[in-house]
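I have placed the structure first, in the form of structure tokens, so that the comments after it can refer back to it.
The numbers here are math on the coordinates, done by the rules we state, and not lab data. In this text the structure is predicted, and so the values were computed from the model without any measurement. Cβ placement follows ideal geometry from the backbone for every residue including glycine, while neighbour counts extend to all protein chains displayed.
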Amino acid sequence: MPIYKAPVEDYLFVLHDLLRVQDLKDLAGFSELTNDLTRPVLEGIAQFCEDKWQPLNQSGDEEGCRLENGAVRTPKGFAEAYKQYCEAGWNKLASPERFGGAGLPGLIGMAAGEIAVGSNAALALYSGLTNAALSTLEVTGAPWMLEHIIPKMVDGVWTGTMCLTEPHCGTDLRLMKTKAIEQPDGSYKITGTKIFISGGDHDLSDNIVHLVLAKLPNAEGKFVDDLSSVNFFLVSKQNIDPNSGRLSHRNGVSVGAVEKKMGIRGNATCVLNFEDAVAHRLGSQSESKTSSAAGMSGMFLMMNRARLGTGISALGVSEAAYQNSAQYAQERIAGKPAKGSNQPHAIISYPDVRRLLIKQRAFNEGARAFGSWVSLLIEKQRNASEPDQRRRAGDLAQLLTPIIKAYFSDRAFDGTNAAVQIYGGHGYIRDNGVEQFVRDSRIYQIYEGANGVQAHDLVARKLGADGSRAYEAFASEITVAIESCEEVGLDDLSDALRKAAKDLEAAVEWVRANSGSTYDIAAASYDVLNIFGVVSIGLMWARAARVAHDLLKANRADREFLERKLVLARYWMERELPMTSTFLERAALGSRGLMDLAAAAL
């Protein structure tokens, strides 16, 4: 059976040594964010997930979800484990206090989310999507929704979904067919089919709140293939009385099927049919009835939260895979004894196994630091005292969101594959559980817009926004990190990061120079995103190395932990950062060689 140990000590290092959250007294929710608070919180959720959720991970995958008489049943033990999780309050650490949450900052919620996913990715998804949905409702929902719906979602007795994809329509929302017709009482009736709906139906909660994209008719009463007609709606599995919040009869939402899928099999991914389902439009009611402002802004708000959550979820599975491969490498004996010894080798003594392991660990710990920093930026965007601070933090968070989603999920999938490689044939069979990590992690490269879409979004939209203001802010962060390493003689790290930063700058200049060529920009975008990803993790390793260096000089007791940070930092600088030159060379080719063959010849 696979193992899992939550990375509590690493999170405490990131929070208190690297980000110094205890010093951010001007941010809401940070005044009491000391080690005396964060340690028991993280240790508490870690203990719960290790004891209650992780043992259900492999059995949940083997059993999967099933549809019985129109209702979905989750694997044995899931409903009780989910109930215990919510009763303990682990699902609402970062939810607002006014709705019954603990009111802790979002980066504590991020840490809790990674731990939950690392223990059981399928089970964690029910709560993760609910939190994204309730955060969207907080901004776009009517007052009665804030009063009656959000508190139920915060408590976990109601869950939430996002319903975007249709059988014929994924990213191109103009092609959607789901329709919304306004009713005399101001509500709507929605008809259509949505697919790939995670947590679309299950037996974990009393009700499910679906956030649904649908089209409104134009002024002539026609439905057209145009984004201007797309809006965002709330559809409850059971109808809700807006005055009392009580549930009544079943709404016009039914499960057409539970998808038979590659991974996260303990999460019910459903086909949902909406047949004259009662719906309520989200967003400002003062907007034009045919305006897409509420629909698109609400959708992008939820998707951006989900993109960040997707990247952190990928990290959670990657961490679990790493831990199992590291343990196996310590125990697996292969090869002749070393000269002068009677003891046979464990495979961890071989350089190629070390290559696979250190590559996993250096990414995981660097990504954890980077994700935490971006979560902190989001907190500053909302709550920093100065407008310039809020703007700068918001710029950086917007720029870096596609990197977390795409680069994290790509590297996490590589890490889970490395775990199978270390196990060899024992990894390929199901008994040992590591092939599940490969199957589970694969979805994160697809969720919330495939990674190629994220790359194009980064390069074509976010990079040049507001005169490249966000990129300039990011470049200044790199410069500060380089100078910080130089101050204490970590010149090998600063030199490597400086060289990679020059490649990043060259890539940005190439994008600016070729902005008029749609094909070239699209073709180069994936390599440019990879440059950003490698450099972003390099930035965090430079910061972490400086902190570890200073703490070692101060003779802090956890020397082994801090020395490992320096070793991992050097690995990233020496073996990962040099890849930027290859990505740059390939990006500069633009579309050459990709578009030369006719479509029929491929």
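For the reader, a short list of remarks on this structure follows.
- Computed packing ranks the peptides 250-256, 238-244, 5-11, 402-408 as 402-408, 5-11, 250-256, 238-244, most packed first, by mean other Cβ atoms within 10 Å.
- For Thr74, the residues 5 or more places off, or on other chains, whose built amide H falls under 5 Å of its own are Asp203.
- When the stretch 8-138 is reduced to its Cα atoms, the Kirkwood hydrodynamic radius in Å: 15.8 Å
- For a straight C-alpha distance cut-off of 18 angstrom, the aspartates and glutamates reachable from Lys462 (same-chain residues fewer than eight places away being disregarded) are Asp395, Glu448, Glu472, Glu477, Glu505, Glu509, Asp520, Asp527.
- Computed from backbone phi with θ = phi - 60° and the Karplus coefficients 6.51, -1.76 and 1.60, the 3J(HN,Hα) list for the stretch 485-498 is 5, 5, 4, 10, x, 8, 5, 5, 6, 5, 5, 5, 5, 4 Hz; x is used for glycine and proline.
- Relative contact order of the stretch 159-300, pairs being alpha-carbon contacts under 8 Å that are 6 or more residues apart, as %: 28 percent
- Working ranking of peptides 369-378, 96-105, 554-563 by packing, defined as the average number of other Cβ atoms within 10 Å per residue, highest first, is 369-378, 96-105, 554-563.
- For the stretch 107-146 and the stretch 436-473, distance of Cα centres in Å: 20 Å
- Close amide H contacts of Asn207 (hydrogens built in the peptide plane, cut-off under 5 Å, sequence separation of 5 or more or a different chain): Thr159.
- Subset of Lys92/Lys405; Lys5/Lys76; Lys5/Lys237; Lys5/Lys380; Lys5/Lys499; Lys152/Lys405 violating a 25 Å alpha-carbon distance limit: Lys5/Lys237; Lys5/Lys380; Lys5/Lys499; Lys152/Lys405
- Those aspartates and glutamates that a straight Cα-Cα span of less than 13 Å connects to Lys194, excepting residues fewer than 8 apart in one chain: Glu166, Glu259, Glu275
- Highest mean packing first, where packing is the average number of other Cβ atoms within 10 Å per residue, the peptides 585-593, 527-535 line up as 527-535, 585-593.
- Here's the list of aspartates and glutamates a cross-link from Lys260 could span, going by alpha-carbon distance under 16 Å and ignoring same-chain residues fewer than 8 apart: Asp61, Glu62, Glu63, Glu68, Asp201, Asp440.
- Translational D in µm²/s for the stretch 159-300 (Stokes-Einstein at 10 °C, 1.306 mPa s, Kirkwood Rh from C-alpha pairs): 103 µm²/s
- Along the stretch 23-30 the Karplus relation, 6.51 cos²θ - 1.76 cosθ + 1.60 evaluated at θ = phi - 60°, assigns HN-Hα couplings of 8, 8, 5, 7, 8, 4, x, 9 Hz to successive residues, with x for each Gly and Pro.
- Normalising the average separation of contacting C-alpha pairs (under 8 angstrom, six or more residues apart) by the number of residues puts the relative contact order of the stretch 1-121 at 29 percent.
- For the chain, averaging the sequence separation of C-alpha pairs within contact (under 8 Å, six or more residues apart) and dividing by the residue count gives a relative contact order of 12 percent.
- For the stretch 203-212, Karplus couplings with θ = phi - 60° (6.51, -1.76, 1.60), whole Hz, Gly/Pro x: 10, 8, 9, 6, 7, 10, 9, 9, 9, 10
- For the stretch 1-74 versus the stretch 487-509, the gap between their alpha-carbon centres in whole angstrom: 34 Å
- Cα-based helix-to-principal-axis angle, 559-571 vs the chain, degrees rounded to 10: 80 degrees
- Whole-angstrom gap from the stretch 545-600 to the stretch 383-421, using each part's C-alpha centre: 15 Å
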